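Only one structure is covered here, and it is reproduced in the block below.
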Amino acid sequence: MYCIYRDPSVRLRDIARLVGITERMVQRIVAELVSAGYLGLRKEGRRNHYVVDPNQRLRHPLESHHFVGELLKLLGRDSAQQSP
């Protein structure tokens with residue numbers, strides 16, 4: 001989801017290459033995220049444009065008091081600190 005958050009028009013093929021899993025697995029994960037409401041999907045020509053819903057709660061019972069937006073902020077902070 002973080003790859004999509006950073007680039008809403010990213011191709012699933014590119015996510016698969018970045019993460020190191022198959023494109024089919026990325027398609028499956030993204031489809032699950034869309035059906036669960038974590039991602040919105042909009043067609044722009046031949047490309048998909050995804051929108052992350054930061055107000056969705058995390059699914060795991062131990063983390064369900066936190067929101068997706070909180071996690072994305074933390075991840076964004078970490079990647080900003082690692083950049084030269």
Is there any pair with a first residue in region 29-43 that is under 16 Å from Gly69 (Cβ atoms) and a second that is of a type in the set (A, V, I, L, M) and surrounded by fewer than 16 Cβ atoms within 10 Å (Cβ to Cβ) whose Cβ atoms are under 9 Å apart and which are 6 or more apart or on different chains, and what are they? Leu39/Val51; Gly40/Val34; Gly40/Val51
Could you grab me the full set of residues in region 27-50 that are surrounded by 14 or more Cβ atoms within 10 Å (Cβ to Cβ) and either of a type in the set (Ser, Thr, Tyr) or under 18 Å from Leu75 (Cβ atoms) (or both)? Ile29, Val30, Leu33, Tyr38, Leu39, Tyr50
For Arg47, indicate whether it is basic (Lys, Arg) and without any contact (Cβ under 8 Å) to a residue 24 or more places away in the chain. no
Assess whether Asp53 counts as being in contact (Cβ under 8 Å) with a residue 12 or more places away in the chain and under 22 Å from Leu71 (Cα atoms). yes
Looking only at region 30-76, count how many residues are acidic (Asp, Glu), within 16 Å of Asp7 (Cα to Cα) and within 12 Å of the chain's Cα centre (by Cα). 1
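Since every read-out is calculated from the coordinates, none of them should be taken as a lab result. These numbers come from a predicted model, not from an experiment. Glycine gets a Cβ as well: all are built from the backbone with ideal geometry, and neighbour counts include every protein chain shown.
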